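Quick notes on the structure that follows.
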Amino acid sequence: MLWARRARWEHDVFADTLRERGVHVHYLADLLAETLKIDRARAQILDHTASQTALGPTLAAPVRSELDDMDSTTLTRHLIGGLTKAELGLPAHSLLLSSLDGGDFVLPPLPNHLFTRDPSAWIHKGVTLHPMAKPARRRETEPSTGTTRCSPARTSRSGIPAATSRCPPSKAATSTSSVTA
């Protein structure tokens, strides 16, 4: 089990040390909340998070609808911290949802995002995005992808061209079929 207080202290010391050396420290939660205010970026991240592949054909649309209704701060909290069946509050009309208890996660948390380091690396004006090998970490790359491509704060400080021009259109925006909720 992670000792949260100790991990937070070590992270703060490390971040302070970097700042003392002139490094701008980005907090993923702040970048993600900012990025989720950009419609195209939000759609891209939610297309991946609430997909039929991830949640099944019956649950994907209702979960997507709930996520779409959240403000960017709440959505960031759930994308990083997870979303339980009880928090979702949907009737159990899917096999996945009916198999979960109230405290079970529909969207599992991304614990490594509290002190993120692996899903991306920045070198000068370049960035690499890394797919995670372990099943528990596979969702980690998508928020990094969204913030890398679309966050105004991150792109302007890195010298990489800013925001929405780098956000690919969402699947919903490029789809020829439509879904009504």
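The values are calculated or read from the model by the stated rules, or taken from the named source; none is laboratory data. This is a predicted model, so every value here is computed, not measured. Reconstructed Cβ throughout: ideal geometry from the backbone, glycine too, with neighbour counts over all protein chains shown.
Quick notes on this one:
- Unique residue being touching a Leu at 6+ places or on another chain (Cβ under 7 Å), of a type in the set (S, T, Y) and modelled with pLDDT of 90 or more when the list is S72, S51, S94, S65: S72
- If you go through segment 101-112 and pick out every residue that is among the aliphatic types (A, V, I, L, M) and at pLDDT below 90, you end up with 1.
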